[in-house]
Structures are given as structure tokens and as C-alpha cells.
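What follows draws every value from the coordinates through simple rules; no lab data is involved. Since we're looking at a predicted model, the values are computed, not measured. Glycine also receives a Cβ, built like all others from the backbone with ideal geometry; neighbour counts cover every protein chain displayed.
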Amino acid sequence: MNPLSLEGIRVVDFSWVMAGPMTTKMLGAMGAEIIKIESSTRPEFSVRDGMFAVINNNKKSCTLNITTPEGQEMIRELVRSSHVVVENFSSRVLAKYGLSYDTLREIRPDIIFVSASGMGRTGPEKDLLAYGSLLQGYSGRVGMIGEPNPALEAMGILPAWTDPITALWETTAILAAIRHWRQTGRGAYVDLSMLEATVALLPEALLHAALGRQVPERRSVTEAGAAPSGCFRCAGEDEWLALSVRTPQEWEGLRRVMGEAAPADAGLAGAQPRLAAKEDLNGRLAAWLRTRDAAATEAALHAAGVPASRSRHMAEIVDDPHMRARSMFQQIDGEVQMATLPWLADDRSAAGGAWRGDFAPTPAIGQHNDYVFGELLGLSPERRAELAEAGTIR
Amino acid sequence: MNRFTPHPFRGPLAGLKVLELGSDISVAFGARLLADLGAEVIKVEPPEGDPLRREAPLTPAGESALFAYLNRGKALISLDGSIEEGWRLLDDLAGRSDLVIATAEAVRGAEPDWAQRPATLVISPHGLSGPSTERPSSSFVLQHASGFAFHQASPVTEPEATAPVGCADWEGDMAGGLVVAIAALWALEAGEGRRPGPLVDVSHEDLLVYMLVEPFADWQAGLDVTNRRRDPEKGLTIAGGLVWYLPCADGAVMVSPREDHQWARWCEVMGHPDWTRDESLCGDRIVRTANAARLQALMAQWSVTQANRDVVEAAKAARVACFPVSTPHDLIENVQLRARRFFDEVRFADGTVLPMPSLPFRFIDQGGEELARGGEALAPARAEDGADLFEALLATRGGPARHRAAGGL
């Protein structure tokens, strides 16, 4: 097996914020060389706080002022020896700085050019200013989670959804395009819409609406078709337990754990009677769980074959022996740095017999200027110094 | 088609052969994405059909629209993998494929390993290895096990009264489909065609954890990620800038006038240009963040008298980021989605035609050929309609005796 299957693929990465960086981090974990084009005058790049450090691993950082003709010429030169371009500029910036697909394909006809934008690069709303948080509303998901409230709490706005989802779509498109290129030698243009990326994952709502029906139960708060099912308050501070009963066996398991508190009605073994009584069953379960210890009840339910989980937080997940055994989080330079790829492959040649991606620390801004401008573009130290003096390399 | 007619562009994955086993939304959706991109996907169902064929909503003739969304564009065959001969036929089909995508349940008992199997993905709730793989689980419960529900209800003013809340619709499972597609394309290249190919373990729990970028970054930065209570000192900064939710006479909008110049234009839209002169109310972004709740109340007094479409149009004209909170019906009618031919029209045997999302990107080959979007497509056939295809697949193998022995056909 060659896990670094993208070795030899060079990606010019103009992206910022979240979706693009998550995409190129993933490509880097599979062996692609990511050249991240940054600018020390943009706070996003120069401050590097918050999530920046956990979504920008595996990249080589260079700083370039793309508003200057020299900077644009250097980009074109870089594209000549690259395979993929990833960007999320506005349409105006792309055209203004000569970075559009039509311009870059003249330099490299087989380039794979991937553009991610809020609405896509065509259509009447293509130039609208959009942010991921607003797209989560426009896509309809905000109306399907929680209750509307002015403080925007528990409404599906945080944590970001549209951005990580866009990254997964973007990575899918790029991997397919790279396979196409390897097989046919042909490049491609991908025009990805973040709105569409979010809407495509809401089939239940769309299909019910198309048939003129309402979705009967919101999956954000319950398992549709299961009864009882929900997230219930337990004893202790902010302790919650999610639980779903889908089958007669799970129902019997729940009854065993509840003991004397279990509903005695034998008719409830069937799915239909339980669904008809869902509200009542959820109420009885809520009353029973309110004074129960969440962890002990969870263990008892698992032993009885009932799907259940405490509502866990990230600190607990990072410490979870199961996550650790699966190398979900990887140490770089002696500290837990980031989540690895969301899959695990058997690899007898790797430590622990499993492979979850190769990761390097997030680079300092401009850390690879000499590599990119010297080694890749062949500019002499004197020329690089001139360009830095002129503000082109910055 | 004669030799002077170019073949239509079938997609970047043309020629790839994929075998899909088991009943799972992520497995089905991931394999469908590969089919959309040009792969030939054979989905194997048990004799009684995939249980997802009964999942709502159903067309008037009782066909599952969700099943159609997950499986259009695939070849469907019915085979009983629980008996020995059926299992041997699956082995045979796997040997002819470039990729196998399966649920853990569908390949349980697959020991000894199929010698000729290609790169193989196995999808399960908690993975194939680790001390807690056997936890009983479900799509809803996984939202809580993975932390997504907890962090989607954080921060909140009253944690004790606000339950953790999961993703909308089938989002978690559909995101799993994306990871399946990505892992499949990686495994295909990483395996370099060797048999048996790499075995890839995809856990629903892992992939939901992977999506939690901000909570992980907060944990990494040493912040307390265990406490959901909102710090009232921190204002209401959402995802990098101020976002307001404003109820309207008929629905709601979300608006984000972040910069001072955007805020000034937004005040004009609301008919309150005078507000911009009140430094203590909304002087700059920091002041607006501190006063977010008070400003929301003031803006809502205006917005509840307005139709959400009017608010959005006025904001658009003023170049302020503002969108309605769409209903599913709004999305089906949405002008932008329609203009980009985002919805395919999928026709069922009973004549029902439903709009279904296509891939959320236009994919254009360097020669200018574009992967089709927005066309008509047929809903998947019933599993038993795959008999002819199965005959063809087995023509080189064993003939009718084996066919009958396969049961379930």
C-alpha cells in the first residue's frame, strides 16, 4: 500500500477561513504538496489564532502580494509546475488579478481549478456576499434545529457546519479530478456552491416538501420512528443522556434496566403502540432519568443492548480510551495537535498497524518563502530580496 | 452512436467498478456520489430488499423517495449473502470490482478474507477496532456520543433548560457518505490495484468528531469546553462576526452587517440612518458586539412588520449580507438553485416526479464538457429487476445452476 497516494501532486492554495484550508489539509495528509499563498498584511494569516492552527497542517507557507503585476506573474509561474488550484476569492478579485481559470489554463491547460463560493460562480445570486453562518440559515438547516431565539443559541449556527461540509465536497471533487487527470491527462474546472453543498444533505425535508407533506419528527431532537427516543436530563450538573428504542429487543432491554419504573403494558412491545404513546413514554423516561446517574445508566443500557449515550463534550472525547486506541487525535511535537483523517486503514508497515494520515505542524507565515520562490521558481537570493523590498514578497 | 460521434462525458470516474453491500445511508450515499461522478456501482440487496426501501417519505405508490435519492444511477441486484453459495457469488463480484463499500454487518463472517477483494471500506457506528466498538448505537445517539449535540447547544444562557441538539434531517449520515466517497477514492489509489486491497475502517462516530473544528480548537487552546453556560460579558459574536436573526412578518432573515460601512447602509435600509450617529449604541463593531442583544430588539421591532423577501431584496441592493431562513419549499423554488440546474427531476414507476439535489458543483472537463446536472433521471428499479444484469455478470462464471442456487434472485 502507498498511503501517500497524492505524492507528486502540487496544490496552489489561495483559500482562507475554513472550507478551503480543511480541504487542503486533508489533501496534504494524503501526500500532496500544498503551497499556501498568504499575505502578512491580512490579519487572518498574520494572527493565526483560534482554529487556524488545527486546520492548516501539512502546508508550505509563502507570502506574496497578488495585487502587484510581479506577484501575479510569480503565481502564474508557480501554476506552471502545479496540478491543482484551490480558491475562494470573490469573482471580482479573480478577474482583476488575472487568476481566473481561463487565465491560468493558458499557462497550464491540464490544471485542476477548484472554486468554492457561497452561491457558485453562475446564477443571479453569484456575486452576493455570503458567510457560512448565513448560508446555514439560507440552506434551511437553521429552521430545522432548536427553537428560534434572538441570541442564536442551539439553532445550528455553531459549530460551523457549512464550512466543514464544503471541505468534504471539495475534497471529493478534487480526488475525482486527480484520478481523471491521472487516467486521461485532462484537467478540470470545478465550480462548487456552499449553499448547494449544505442543501444536498437535507433530503428528508426536501422530499417531504416536494410531496406536499411535513416532516413528522425533527431528527435534531429525536430518532424518527423510535419510541421512546430523545435527550433526557440526568442527575448532576448539565448531565444528559440520549436514548432510542427501535426494536422489541431494545424495548425489553430498557424495561429490564428501568425495573419497577418500567411501563407494565405488554402491548408496548410492538413498534406501533410505542410510537402512538411516544410522548407519554418520553415523559416517563424523563421523570425516571432525572435522578439517575448518567454514566451508570448508560453502562446498564449498553449491557442491555439499548442504544444510548451521554451527551459528551470534546474534553471527554479527546480522553476517551476508544478514541485513543483508534489514533483519532495525533501528537505532533509532543502535544495533541489535531484530529487525524476520519478513517483508519490497516497498514502493517505503520506504527500500530494502522494509518490515519501524515501530518506536519502548521507552518509559520512565510516559513517556506525560500523553498517556493528560490527552489520552485528559481529566483536568486538577490532577486528575492528586491521583491521583498518592493513589497511583492511580504 | 457511430465512430464519428464523440462519447458524452460520463464523468471523471468513468470505468471505475464499485460493489456496495449492506443497508446504511452513508454507504448508499457515498456510493451514489461515485456513481454521479461516472463510476459503475452495483448495489447488492438481500432478497427482501434494503430496509431503506421502506423509509419515508413514500410516493403515492409506496416507493421510498429517500431510497431513490440514495440509490439512483446504480445497478441493483438481489442476493442472499447469508448462504454459502450467495457468499461465494459476492466473493466473485468483489473480485471483479475496483472497490467494495460495505457495512460491518454485511461482511460479518467474511473470514477467511476474500483473497481477490479490492480496496474495501467497512462502515460501522464506532469502528472495527478499539475498546468500545460494541456500544449499541443509532444515528440519533451518535450525535450525542460524538459531541456534536453538546457543542451545537453551546454556549447557551440556560444550560439546564436547553438540551443538547443534533444535526438536522439525515445530515450526520449524509456527511458520512461524503467521508465514504473520499476514503474510497484514497483507498483506490493507495491500494495500487493489489489484491487483497487495503481495508479501511470508517466510523460514524469518528467522522462526526472530525467535523467539530471549533470545539477542538478551543480545547487545544486550553479553554473550558465542558461548560455550556454563556458568558454574558462576551456579547454575541458568532462565527467570526456579528450575525443577527430577525423575525419577519412571514418567517425570518439572518443578517451580518459587519463593517462600519455595511452597518451604515443597513441602518438606511431599516429607515434609521440616525442610529449611526449614536456612538454609544453602535459606534463600531466592538460597541455593536457589546450591544448585540439591545440592537437585536430594536431591529426586530422593524423587521416584524416586513416581509422577509422585502428585507432581503433591500439588503441586497445595499450590498449587506442578508438571507432568508429558507423553508424546504423555498429551496425547491429558489431562483439561484434553479438557475444552476441544481435539482434533477426523478421519475418513479407510478409517474411521480420529484426534484432531487444533484452534486453541489459543476464539473467541467478541460475540453469544455460538463457533467450533466438538472436533467431527468429514473428512480431505481425494484431489486428483482436486476435479474438480467445478474445473468450477464455471471455469464462467464457458472451458468443457470449456480444462479438458482444463489437463492434470493
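Measuring from label point to label point, each 7 Å out along Cα→Cβ, what is the B:Glu259 to B:His329 span in nm?
3.8 nm
Which of A:His368, B:His7 has the fewest other C-beta atoms within 10 Å, and how do the rest follow up to the most? Each step should come with its number before you reach the end.
Numbers: A:His368 20, B:His7 8.
Least crowded to most crowded, the residues run B:His7, A:His368.
Quick one: work out the % antiparallel among DSSP beta bridges in chain B, nearest 5. Mind dumping the intermediate values first?
Numbers: 17 of 44 bridges.
Bridges in chain B that DSSP calls antiparallel: roughly 40 percent.
Kindly express, to the nearest 10 degrees and within the range 0 to 90, the angle between helix B:308-317's C-alpha long axis and the longest C-alpha principal axis of chain B.
Its long axis makes an angle of about 80 degrees.
Compute the helix-to-body angle for A:69-80: its Cα long axis versus the longest principal axis of chain A, expressed 0 to 90° and rounded to tens.
The two axes meet at around 70 degrees.
Could you give the nm distance between label points at A:Arg284 and A:Glu237, where each point is 7 Å from its Cα heading toward the beta carbon?
3.4 nm
Two-decimal Rg/Rh of the range B:167-307 from alpha-carbon positions, Kirkwood Rh?
Values: Rg = 22.6 Å, Rh = 19.2 Å.
Reported Rg/Rh (Cα atoms, Kirkwood Rh): 1.18.
May I ask for the distance between the Cα centers of the range A:208-283 and the range A:341-377, given as a whole number of Å?
So the two Cα centres are separated by 45 Å.
Can you give the translational diffusion coefficient of the range A:236-279 in µm²/s, computed by Stokes-Einstein from the Kirkwood radius over Cα pairs at 37 °C and 0.692 mPa s?
284 µm²/s
Count, for each residue of A:295-302, the Cβ atoms from other chains sitting within 10 Å of its Cβ, then give me the mean as a whole number. Mind showing how you got there, number by number?
Numbers: counts 0, 0, 0, 2, 0, 0, 2, 5.
Mean number of neighbouring Cβ atoms from other chains: 1.
Over the range A:142-228, what is the mean sequence separation of C-alpha contacts under 8 Å (at least six apart), divided by residue count, expressed as relative contact order in percent?
Once divided by the residue count of the range A:142-228, the mean separation gives 28 percent.
Given contacts defined as C-alpha pairs under 8 Å and at least six residues apart, what's the relative contact order of the range B:236-329, whole-number percent?
Working: 131 pairs, mean separation 36.6, N = 94.
So the answer I get is 39 percent.
Using 28 Å as the Cα-Cα cut-off, could you pick out the over-long pairs in A:Lys60/B:Lys316; A:Lys126/B:Lys234; A:Lys36/A:Lys126; A:Lys59/B:Lys43; A:Lys60/B:Lys234? Each step should come with its number before you reach the end.
Working: A:Lys60/B:Lys316 38 Å; A:Lys126/B:Lys234 34 Å; A:Lys36/A:Lys126 25 Å; A:Lys59/B:Lys43 38 Å; A:Lys60/B:Lys234 35 Å.
From the list (A:Lys60/B:Lys316; A:Lys126/B:Lys234; A:Lys36/A:Lys126; A:Lys59/B:Lys43; A:Lys60/B:Lys234), the Cα-Cα distance tops 28 Å for A:Lys60/B:Lys316; A:Lys126/B:Lys234; A:Lys59/B:Lys43; A:Lys60/B:Lys234.
For the residues A:Leu195, A:Leu376, what sequence is obtained by ranking on other C-beta atoms within 10 Å, fewest first? Mind dumping the intermediate values first?
Values: A:Leu195 32, A:Leu376 20.
So the ranking, lowest neighbour count to highest, is A:Leu376, A:Leu195.
For the range A:145-268, report the convex hull volume of the alpha-carbon atoms normalised per residue, in Å³, without decimals. Walk me through the numbers on the way to the answer.
Values: hull volume 27.9 nm³, N = 124.
Taking the convex hull of the Cα positions in the range A:145-268, it is 225 Å³ per residue.
Kirkwood Rh over Cα pairs of chain A into Stokes-Einstein at 25 °C, 0.890 mPa s: D in µm²/s?
101 µm²/s
Counting Lys and Arg as +1 and Asp and Glu as -1, each charge on the Cβ, what is the dipole of the protein assembly as shown about the Cα centre in debye, to the nearest 20? Before the final figure, lay out each step's value.
Details: 79 positive and 105 negative charges, 205 e Å.
Dipole of the protein assembly as shown, to the nearest 20 debye: 980 debye.
Would you grab the residues whose amide H sits under 5 Å from the one on B:Gly251? Only those 5+ places off in sequence or on another chain, please, with H modelled 1.01 Å from N.
The answer is none.
What list of ³J(HN,Hα) couplings, whole Hz, do you get for the range A:301-313 from phi and the Karplus terms 6.51, -1.76, 1.60, once you set θ to phi - 60° and write x for glycine and proline?
Values, residue by residue: 5, 4, 4, 8, x, 9, x, 7, 7, 5, 7, 8, 10 Hz.
Please compute the average number of Cβ atoms from other chains found within 10 Å of each residue's Cβ in peptide B:245-254. Could the numbers behind the result be given before it?
Details: counts 9, 1, 2, 0, 0, 0, 2, 4, 3, 11.
Mean partner shielding for this stretch: 3.
So if R0 is 45 Å, what FRET efficiency would B:Glu268 and B:Val353 give, r being the distance between their Cβ atoms, rounded to the nearest 0.05? Walk me through the numbers on the way to the answer.
Values: r = 45 Å, r/R0 = 0.99.
Result of the calculation: an efficiency of 0.50.
Name the most mobile residue of A:Ala224, A:Ala29, A:Ala266, meaning the one with the largest mean-square fluctuation, in a Gaussian network model of chain A with Cα contacts below 10 Å.
The residue with the greatest mean-square fluctuation here is A:Ala266.
At each listed q (0.06 Å⁻¹), what is the log10 of I(q)/I(0) that the Debye formula gives for the protein assembly as shown modelled as equal alpha-carbon point scatterers?
-0.38
Assuming R0 = 51 Å, can you tell me the calculated FRET efficiency for the pair A:Lys96 and A:Ala303, based on Cβ-Cβ distance, to the nearest 0.05?
That gives a FRET efficiency of 0.20.
How far apart, in nm, are two points set 7 Å out from the Cα along the Cα-to-Cβ line at A:Glu252 and at A:Ile107?
6.9 nm
Report, in debye and to the nearest 20, how large the dipole of the range A:229-311 comes out about its Cα centre when Lys and Arg carry +1 and Asp and Glu carry -1 on their Cβ. Can you show the working numbers first?
Values: 10 positive and 11 negative charges, 34 e Å.
Its charge dipole is roughly 160 debye.
What GluC sites (Glu not before Pro) does the range B:30-96 have in DSSP loop regions with at most 14 other beta carbons within 10 Å? Before the final figure, lay out each step's value.
Numbers: sites: B:Glu40, B:Glu48, B:Glu55, B:Glu63, B:Glu84, B:Glu85; in loops: B:Glu48, B:Glu55, B:Glu63.
When the GluC sites (Glu not before Pro) of the range B:30-96 are filtered for loop state and at most 14 Cβ neighbours within 10 Å, B:Glu48 remain.
How many percent of the alpha carbon pairs in the range A:8-143 exceed a separation of 22 Å?
Numbers: 3644 of 9180 pairs.
Every Cα pair in the range A:8-143 considered, those over 22 Å come to 40 percent.
Using only the alpha carbons of the range B:236-329, determine the length spanned along each of the three principal axes and report them from longest to shortest in whole angstroms.
Dimensions of the range B:236-329 along the principal axes of its Cα atoms: 40, 27, 22 Å.
For A:Ala390 and A:Thr184, calculate 0.36 nm times their separation in residues minus their Cα-Cα distance, and state this gained length in nm to one decimal.
On the way: separation 206, 0.36 × 206 = 74.16 nm, distance 4.20 nm.
Length gained, A:Ala390 through A:Thr184: 70.0 nm.
Find the relative contact order for chain B and round it to a whole percent, using C-alpha pairs within less than 8 Å whose residues are 6+ positions apart.
Values: 667 pairs, mean separation 72.6, N = 409.
Once normalised by length, the contact order is 18 percent.
Which ³J(HN,Hα) values, rounded to whole Hz and listed in residue order, are derived for the range A:136-141 from phi using the Karplus coefficients 6.51, -1.76 and 1.60 in 6.51 cos²θ - 1.76 cosθ + 1.60 with θ = phi - 60°, glycine and proline given as x?
Ordered by residue, 3J(HN,Hα) equals 5, x, 5, 6, x, 5 Hz.
Can you work out the Karplus-derived ³J(HN,Hα) for every residue in the range B:167-180? Use 6.51 cos²θ - 1.76 cosθ + 1.60 with θ = phi - 60°, whole Hz, and x for glycine or proline.
6, 7, 6, 9, 3, x, 5, 5, 4, x, x, 5, 5, 4
If you wrap a convex hull around the alpha carbons of chain B, what volume per residue comes out, as a whole number of Å³?
Numbers: hull volume 82.6 nm³, N = 409.
With only Cα atoms used, chain B gives 202 Å³ per residue.
Quick one: net charge around B:Ile364, please, counting Lys, Arg +1 and Asp, Glu -1 for every other residue with C-beta under 10 Å from its C-beta.
-3
Just the number, please: percent antiparallel of the DSSP beta bridges in chain A, rounded to the nearest 5.
On the way: 14 of 36 bridges.
That works out to approximately 40 percent antiparallel.
By how many degrees, 0 to 90 and rounded to 10, does the Cα axis of helix A:278-289 deviate from the longest principal axis of chain A?
Rounded to the nearest ten degrees, it is 90.
For the protein assembly as shown, what proportion of DSSP beta bridges, expressed in % and rounded to the nearest 5, is antiparallel? All intermediate terms of the calculation are to be shown ahead of the outcome.
Values: 38 of 87 bridges.
The antiparallel proportion sits near 45 percent.
In what sequence do B:Ser256, B:Ser203, B:Ser146 fall when counting other Cβ within 10 Å, fewest first? List each step's numbers first, then the result.
Details: B:Ser256 24, B:Ser203 31, B:Ser146 28.
Ordered from fewest to most neighbouring Cβ atoms within 10 Å, B:Ser256, B:Ser203, B:Ser146 come out as B:Ser256, B:Ser146, B:Ser203.
In units of 2.2 N^0.38 Å, what is the alpha-carbon radius of gyration of the range A:229-311?
Numbers: Rg = 11.8 Å, N = 83, 2.2 N^0.38 = 11.8 Å.
So the Cα radius of gyration is 1.00 times the expected 2.2 N^0.38 Å.
Could you tell me what % of all Cα pairs in the range B:1-120 have separations over 19 Å? Walk me through the numbers on the way to the answer.
Working: 3569 of 7140 pairs.
Pairs farther apart than 19 Å: 50 percent.
With n ≥ 4 as the cut-off for DSSP H runs, can you work out [θ] at 222 nm for chain A, using -39500 (n - 2.57) per run divided by the number of residues, rounded to the nearest 500? Write out the running numbers ahead of the final one.
Details: 17 runs with 148 residues, N = 394.
Taken over chain A, the calculation gives -10500 deg cm²/dmol.
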